[in-house]
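Here's the structure we're looking at; comments come further down.
The values are calculated or read from the model by the stated rules, or taken from the named source; none is laboratory data. In this text the structure is predicted, and so the values were computed from the model without any measurement. In this analysis, Cβ positions are derived from the backbone assuming ideal geometry, glycine residues included, and neighbour counts consider all displayed protein chains.
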Amino acid sequence: MKPGFMIAATSSGSGKTTFARGLMTLLTKKGYKVQPFKCGPDYIDTKFHDMACGRRSINLDTFMASKAHVKALYNHYGADADINVVEGMMGLFDGYDRDLGSSAEIASVIGLPVVLVVDAKSAAYSIAALLSGFMNFKEDVNIAGVLFNKVGSVRHYEMLKQVCSDLGTYCYGYLPNQSSLELNSRYLGLDFSEKAESDTLIQLLEEHVDWKALLKLVPDSSGEDETIYTDFLKRGRVLMAQNNESFSFVYQEKLDGFESVSTFDPETEVPQLENIDLLYLPGGYPEKHAEALSRNEAAREAIKDFAEHGGKIVAECGGMMYLCDKILTDSGDYPMCGVLPYVITSRQQDRKLSLGYRQFTLDGKIYHGHEFHYSQFLGEIPKSVVQVYNAKGEPVSTPVLRIKNVLASYTHIY
């Protein structure tokens, strides 16, 4: 099999994302065709992957999809790449229920070797106990080696290499403890409007990481499924709202299942709604651009007319907010499409984090997805057409709204 590995970590905040994105950029600059992947439902890290590799990053998620589907996605999208790099999520064994859905489970499904990122700040030989626990916790997870982050000095690194030597695992290198390497905060995690990785990071990785050794890592081919992804039905002509922030949270593999996908920018363009099968309004940050969206009255009226005459619309999170009567922000009240008779507030006083996997059954079909937002319905939560549950099967208050041929929810549907 071709080279491929997962960058995972002992916990969130260890530097996994810095290493993953930096190595993707470095390998791409070296002339390798790198296919990026991201564990879990994250839309934002994938955007950085896109910038680093010049290829669309693909989500791998064993809650929203079957294990066979995840493995097939990896084989399909990585088929023409020189190397596949998968960024994990949270800590290696952190899933929606113990280690179910974790990076470790995904690594096991695909047979990926794992390079574990460890925050070494203020620690030395005690890391041996931590690493020993991770290496021996699950027999089906192959931890191929370690990358250390926030290393204080060359002497500190020599001590850490001794840990790896004593445990019989490979040390792929380190990054020094530099504040300039800290990632900026983002509205829902990281600010994906910022540019790609800094030259400083790439230089440090080239100096301190054995990236050539990483190219020798390959997935376990035992029991390899010879088939690649064939579930793309290629049906439906879709018009999708799209711009950098307001409508930008999209799974590439979902789009690849349509016959054709055209786009328009709801801030500046009027959608051409003839000869389409579906209008798709994905999630994003419409509350950050509410004034521009409200100002494009022609687009709002066209969408409302389309909905009232039976046009099919799927609206997820930010897309659902756009279909409502208004969005309230700290700057004012902004009229939206008026398809859904509700008001959304993103005012600071009303902000409340809602996140987690979601599942529901509608018209005999089971849907999986996730939600992650701070905005809320103003006043009483609308009545849902179905009961929505979290990953453990517990009921949640997230509503699924259906008016005529409009399906809308805070849930991003996979």
- Could we say that Pro335 is touching a Lys or Arg at 6+ places or on another chain (Cβ under 7 Å), of a type outside the set (A, V, I, L, M, F, W, C) and surrounded by fewer than 16 Cβ atoms within 10 Å (Cβ to Cβ) here? yes
- Task: Scan region 89-108 for residues that are outside any loop (DSSP other than H, G, I, E, B) and under 18 Å from the mean Cα position of the chain (by Cα) and jot them down.
- Result: Leu100, Ser103, Ala104, Glu105, Ile106, Ala107
- Task: Determine whether region 164-178 contains at least one residue that is buried (at least 23 other Cβ atoms within 10 Å of the Cβ), at pLDDT 95 or above and within 25 Å of the chain's Cα centre (by Cα).
- Result: yes
- Message: Suppose the filter is over 19 Å from Val339 (Cβ atoms), surrounded by fewer than 18 Cβ atoms within 10 Å (Cβ to Cβ) and either not assigned by TED's automatic domain parsing to the domain that holds Ile44 or not β-branched (Val, Ile, Thr) (or both); does Glu394 pass it?
- Response: yes
- Query: Would region 255-268 turn up any residue that is within 15 Å of Ile413 (Cα to Cα), surrounded by 18 or more Cβ atoms within 10 Å (Cβ to Cβ) and touching a helix residue (DSSP H, G or I) at 6+ places or on another chain (Cβ under 6 Å)?
  - Reply: no
- Note on the structure: Leu26 meets each of (1) in contact with a Pro (Cβ under 9 Å, 6 or more places away or on another chain); (2) part of a helix (DSSP H, G or I); (3) in contact (Cβ under 8 Å) with a residue 60 or more places away in the chain with one exception, condition (1)
- Message: Quick check on Leu23: is it in contact with a strand residue (DSSP E or B) (Cβ under 8 Å, 6 or more places away or on another chain), more than 22 Å from Val118 (Cβ to Cβ) and crowded, with 19+ Cβ neighbours inside 10 Å?
- Response: no
- Can you tell me which residue in region 44-88 is surrounded by the fewest Cβ atoms within 10 Å (Cβ to Cβ), limited to those that are assigned to a strand (DSSP E or B) and in contact with a Leu (Cβ under 7 Å, 6 or more places away or on another chain)? Ile83
- Name the residue, out of Ser11, Ser57, that is among the small types (Gly, Ala, Ser), within 13 Å of the chain's Cα centre (by Cα) and at pLDDT 95 or above. Ser57
- Message: Are there helices (runs of 4 or more DSSP H) fully within region 232-319 with at least 2 residues that are at pLDDT 95 or above? List them.
- Response: 290-295, 297-308
- Message: Test of understanding: among Lys352, Lys304, Lys312, which residue is without any contact (Cβ under 8 Å) to a residue 60 or more places away in the chain, surrounded by fewer than 20 Cβ atoms within 10 Å (Cβ to Cβ) and in contact with a strand residue (DSSP E or B) (Cβ under 6 Å, 6 or more places away or on another chain)?
- Response: Lys352
- Please indicate, with yes or no, whether at least one residue in region 332-354 is under 27 Å from the mean Cα position of the chain (by Cα) and under 16 Å from Met64 (Cα atoms). no
- Item | Single residue of region 89-124 satisfying the filter (hydroxyl-bearing (Ser, Thr, Tyr) and more than 19 Å from Asp220 (Cβ to Cβ)) that is surrounded by the most Cβ atoms within 10 Å (Cβ to Cβ) | Tyr96
- Message: I want to confirm something. Restricting to region 333-349 and keeping residues that are assigned to a strand (DSSP E or B) and in contact (Cβ under 8 Å) with a residue 40 or more places away in the chain, which single residue is nearest to Ala299 (Cα to Cα)?
- Response: Pro335
